[in-house]
Amino acid sequence: MPSPEPGSGGALLYEKRQGVYPKAVDGPFRRFKWLWMALTLAVYYITPWLRWDRGPYAPDQAVLIDLAHRRFYMFSIEIWPHEFYFVAGLLIMAGIGLFLVTSAVGRAWCGYSCPQTVWTDLFQHVDRLIDGDRNAQIRLQKAPWTAEKIGKRALKWSIYLVISFWTGGAWIMYFADAPTLVREFWTGNAAPIAYSTVAVLTVTTFVLGGFMREQVCIYMCPWPRIQTAMLDEKSLTVTYKDWRGEPRGSVKQARQSSVPLGDCVDCNQCVAVCPTGIDIREGPQIGCITCALCIDACDGVMTQLGRPRGLIDYATLEGCAQEKAGGPPEAIVRTIFRPRTMIYLGVWAAIGAALLFALGVRRHLDISVAKDRNPPFMLMSDGSVRNAYTVKLRNMEGRPRDMVITLVGAPTAVMWSDDMPRSEASRALRRRVGADLAAAVRVYVIAPAGTPAQDITFTLRAQDEKSGVGAEADTHATRFDAPGETS
Amino acid sequence: MANDKRIDDATGVETVGHEWDGIEELNNPLPRWWLWTFYLCIVFAIGYAVVYPAIPLAHSGTKGLWGWSSRGQLANETAAAQAQRAPLIAKLAATPIEKLPDDPALMQAAVSGGRAAFRVNCVQCHGAGAAGVAGLYPNLNDDDWLWGGNLKEIEQTITHGIRQPGDDKTRNSLMPSFGRDSLLTGEQIADVTSYVRSLSGLEKGSASAARGAGLFAANCVACHGTDGKGLRQFGAPNLTDAIWLYGSSRDAIGATLTNAHAGVMPAWTSKLDPVTIKMLAAYVHSLGGGEDFAPAVVASGAPVPAAAPSAEASAHAKP
């Protein structure tokens, strides 16, 4: 992190952003980052276009957050609002997953998977494509605004804008049928919220990825702080092995020096390739997102000089101390498999297993009963007692189903609903609930004079031609109130 | 405190001089974009104060260039909501209430609208659950109606009210105060009470009830009918069923005979538009005791209680 100019005494009102022009680099970590970037971007852009056949009554988009109809589709899983705990469970898993990854491999999220990192990386490739590598970029930045510079800037920023627009555009595809939405979007028929969402995400991607870049990590994002607090002496961080590198000096200086110099030739390649513009040789710091590009750069130089690789490497504090004392380098496997990571893994896996179990045994129909409490019961002119209930039936399958509501308890009572004549009152009501729909039925239960207040239960049973009669059932316990005693 | 400023060893940055339990704050400069954001907020705030009402003055405040006000916004939103409802309202206005059940969607919309209007206009007396108040306001959930319980009759009652002075079509009748006006003696009132209570099985037949039967035939049948089942054209309640607005105890019935009740409900025609009244009628009708259109209902009362549920269910069948 840049510090204020010496002698300023902290009196500066602000600090100008130091431009970061990372140099292109090649190496195993860079190649892994390429692969990972391609994968994460592909997942983001392609997922909404995957199709998944759910029959005639449900959308055929594999992953869809249908806010208008309050459904969440993910391949074969369909989540209703009352099952939101699945989403909560997934979020908890994501949180613990981050803990797990952080305790095992340090700030790997920051270095490889964070959208800010991925898009910044993408934009920096655009910089190199248009302006050239590091030195050309610095030259162009300092150059006056000639026609060439204006042209290059216009081209570069246009590419930024296209990428940003694509990013914002892909986001809304998760919330509606993608092909339909694209057609509506370009014909001006999409919802205003679609346009404003795309606009906001385009602007944020453009500004955060194109211009703010490492400032987001250093100043805005709370996650580096949290992760920094989670790191311990067994966490992998990108480390400059100063006991091996210092005192640093070029090959020429080493020849002239009276004392033997370290392996670091002070070539500054680690600084040149850093996407956040830090010097890793200053030690662990919040600006380091552990993207490991400096490892690639340094390994390249060490190979050229015929020195062993790993002057900058993934290492743990504990491993460093051990190595410094003359011990062998610590095996990375041992840092990954330790009690802390195993506990995180255990909790993470347990929540996952519980969610899968809940998903496997969940019912595809549901009854919920809300009893009228004002008034709790009605005395009818013949002295009989009537209670009213709002009964909600949910059919969570992609086909219409016949269901039967049965009254359990209060043996002398009968019920009818407000859309049928009271003369047809009985102990069971048959309803057809549309595919993937909820239906509300207003049910009156009436019992002869003198019936005491008691607990009753409504049972919902699917008359299912597919899986056999009464294959699925759900119950809801409630109360029948009568004069003299109310619940 | 400000004198405690020092250069931090680890970073070489000056501290601001504050210290909490050994934790000190470094006086690092703000990033420039942050400062820009801050200035932008100031500019925005000035612009906001110019275009929106912002600065309080002695009696009101600045109006703002855009003329926005929360009342104005409410008016716009209300107008928009009304414009949205306009087709429904027009359809309701054009549909006579008798035809409402033929269009279930319209009926449902009317019930929803009525529920909202009920919350505003009716709950003060009839209660949020429309269960009324014993001794004062009738329960609208049950199947007993003083002035009729089909859609048309309910609409009529809401429109013109009950015993509303100045409304020609208001529901009107007046039970004599037999005791207060010395039409019946105290003993006679006790006898009539015995008879009336025997009609619905609250008391067994007795000599007093037998005497009361004669008095009832002489004084009450004109309105309550020879069988005591009431006449809706006079709003005379059915005395043979289980529902007693003013109570069924000897004291309560005696009090009614002595000082008659004459409940009043406002005529809503002056306060609510016909569509709202129609929606209210649909809502009240939907509460579980609404009656279908049939000429027979006028003379009806409730049938006698049945013991078995199946018999009861058929006994409740509407003609």
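Checking the cross-link pairs B:K63/B:K271; A:K371/B:K152; A:K371/B:K271; A:K16/A:K142; B:K91/B:K278; B:K229/B:K278 against a 23 Å limit on the alpha carbon distance flags B:K63/B:K271; A:K371/B:K152; A:K371/B:K271; B:K229/B:K278 as lying beyond it. Between the C-alpha center of the range B:155-223 and that of the range A:201-259 there is a gap of 96 Å. Taking only the Cα atoms of the range B:169-214, the radius of gyration and Dmax are 13.0, 43 Å.
Relative to the longest principal Cα axis of chain B, at what angle does helix B:186-199 sit, 0 to 90 degrees, rounded to 10? Its long axis makes an angle of about 80 degrees.
A Cβ-based charge dipole, computed about the Cα centre of the protein assembly as shown with Lys and Arg at +1 and Asp and Glu at -1, lands at about 1660 debye.
Computed about its Cα centre, the charge dipole of chain B is approximately 1240 debye, with only Lys, Arg, Asp and Glu carrying charge at their Cβ.
Along chain A, counting only GluC sites (Glu not before Pro) with a DSSP assignment other than H, G, I, E or B and at most 15 other Cβ atoms inside a 10 Å radius, the longest segment between sites is A:1-232. Mean silhouette area of chain B, derived from the convex hull of its C-alpha atoms and averaged over all directions, reads 34.3 nm². The per residue volume of the convex hull around the alpha-carbon atoms of chain A is 247 Å³.
Estimated translational diffusion coefficient (Stokes-Einstein, Kirkwood radius over Cα pairs, 20 °C, 1.002 mPa s) of the range A:1-150: 106 µm² per second.
A straight line joining the Cα centroids of the range A:416-458 and the range B:56-92 runs 43 Å.
As a proxy for reagent exposure, B:S112, B:S198 were ordered by neighbouring Cβ count within 10 angstrom, fewest first; the result is B:S112, B:S198.
Farthest toward the positive end of the dipole of chain A, out of A:I351, A:C221, A:L293, is the Cα of A:L293, where the dipole comes from beta carbon charges about the Cα centre. So what's the angle, to the nearest 10 degrees on a 0 to 90 scale, between helix A:293-305 and the longest Cα principal axis of chain A? That works out to roughly 30 degrees.
Against chain A, whose longest principal axis is taken from its Cα atoms, helix A:339-361 shows a tilt of about 30°. Candidates B:L245, B:M107, B:T258 compared by Cα position along the dipole of chain B: farthest toward the positive end lies B:T258, with charges placed on Cβ. Derived scalar couplings between HN and Hα for the range A:101-114 equal 5, 5, 6, 7, 10, x, 7, 5, 4, 4, x, 10, 9, 4 Hz in order, rounded to whole Hz, by the Karplus curve 6.51 cos²θ - 1.76 cosθ + 1.60 (θ = phi - 60°), x for Gly and Pro. In terms of overall dimensions, the C-alpha atoms belonging to the range B:57-147 reach 60, 36, 16 Å along their principal axes, ordered largest to smallest. Across all directions, the shadow cast by the convex hull of the range A:310-441 built on its C-alpha atoms averages 16.1 square nanometres. Ordering B:T258, B:T157 from the fewest to the most neighbouring beta carbons within 10 Å gives B:T258, B:T157. Summed over all non-identical Cα pairs, the Kirkwood treatment of the range A:365-480 gives a radius of 14.5 Å. With neighbour counts taken as other beta-carbon atoms within 10 Å, the residues A:L311, A:L161 rank, fewest first, as A:L161, A:L311. In a reduced charge model with +1 at each Lys and Arg Cβ and -1 at each Asp and Glu Cβ, the range A:16-362 shows a dipole moment near 720 debye about its Cα centre. Computing Rg and the Kirkwood Rh from the Cα coordinates of the range A:108-183 gives a ratio, Rg/Rh, of 1.12.
Each Cα pair under 8 Å and six or more residues apart adds its sequence gap; the mean of these over the residue count of chain B is a relative contact order of 19 percent.
Just checking the output field for B:96-102: average partner chain Cβ neighbours within 10 Å of each residue's Cβ? Could you put the intermediate results ahead of the total?
Details: counts 0, 0, 0, 0, 0, 0, 0.
Neighbouring Cβ atoms belonging to other protein chains average 0 per residue here.
Count charges around A:T303 for me, please; just the other residues with Cβ under 13 Å from its Cβ, Lys/Arg as +1, Asp/Glu as -1.
Here the count lands on -2.
Once you reduce the range B:241-271 and the range A:46-94 to the center of their Cα atoms, the two points are 58 Å from each other.
Only the coordinates and a few stated rules stand behind these numbers; no lab work does. Predicted, not measured: the structure shown is a model, and the values here were computed from it. Cβ atoms come from the backbone with ideal geometry, glycine included; neighbour counts cover every protein chain shown.
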